[in-house]
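The values are calculated or read from the model by the stated rules, or taken from the named source; none is laboratory data. Keep in mind that this is a model prediction, so the values were computed, not measured. For neighbour counting, all protein chains shown are included, and Cβ atoms are generated from backbone atoms with ideal geometry for every residue, glycine included.
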Amino acid sequence: MTIRLTKHCLERLAERGVSEDEVLNTIHSNQSYLAPDEKLIFYANIPYNAFWRDTYYASKRVECICDYNAATDECTVITVLAKYF
């Protein structure tokens, strides 16, 4: 599968505390669901054990919101979300 990150996605990585490697690993984990708007959402819970914005968190959940084209096997990552817990 070809994975492409949009400019918007790349801009959000740092502000949400997610690395490009975490995005790729999340997509390759193959844990996903289809959103009501037909976007494919890949997700992974990742051990974190660090501080984010002055609060300690043991884990974070990375969600990659994607457009997937089955004909070309291309995944375009529109944006990335991070939830710390």
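Answer yes or no as to whether residue 63 is in contact with a Leu (Cβ under 6 Å, 6 or more places away or on another chain) and either surrounded by 12 or more Cβ atoms within 10 Å (Cβ to Cβ) or at pLDDT 95 or above (or both).
Yes.
Any idea which residue in segment 21-67 is farthest from the chain's Cα centre (by Cα), counting only those that are part of a strand (DSSP E or B) and in contact (Cβ under 8 Å) with a residue 40 or more places away in the chain?
So the residue we want is 60.
Take the conditions in contact with a strand residue (DSSP E or B) (Cβ under 6 Å, 6 or more places away or on another chain) and not basic (Lys, Arg) and apply them to residue 54. Does it pass?
For residue 54, the condition - in contact with a strand residue (DSSP E or B) (Cβ under 6 Å, 6 or more places away or on another chain) and not basic (Lys, Arg) - is not met.
For the condition surrounded by 12 or more Cβ atoms within 10 Å (Cβ to Cβ) and either modelled with pLDDT under 95 or of a type in the set (Phe, Trp, Tyr) (or both), what is the one hit in 48, 33, 56?
48 is the lone residue from the list that is surrounded by 12 or more Cβ atoms within 10 Å (Cβ to Cβ) and either modelled with pLDDT under 95 or of a type in the set (Phe, Trp, Tyr) (or both).
Please count how many residues of segment 68-85 are assigned to a strand (DSSP E or B) and either of a type outside the set (D, E, K, R) or out of contact with any Phe, Trp or Tyr (no Cβ under 9 Å at 6 or more places or on another chain) (or both).
Within segment 68-85, the first condition is being assigned to a strand (DSSP E or B), and the residues that meet it are 68-69, 74-84.
Subsequent filtering for residues that are either of a type outside the set (D, E, K, R) or out of contact with any Phe, Trp or Tyr (no Cβ under 9 Å at 6 or more places or on another chain) (or both) retains 68-69, 75-84.
Going through segment 68-85 one residue at a time, the tally reaches 12.
Looking for something modelled with pLDDT of 95 or more, touching an Asp or Glu at 6+ places or on another chain (Cβ under 7 Å) and hydrophobic (A, V, I, L, M, F, W, C) - is there at least one such residue anywhere in segment 9-21?
Scanning segment 9-21 turns up at least one residue that is modelled with pLDDT of 95 or more, touching an Asp or Glu at 6+ places or on another chain (Cβ under 7 Å) and hydrophobic (A, V, I, L, M, F, W, C).
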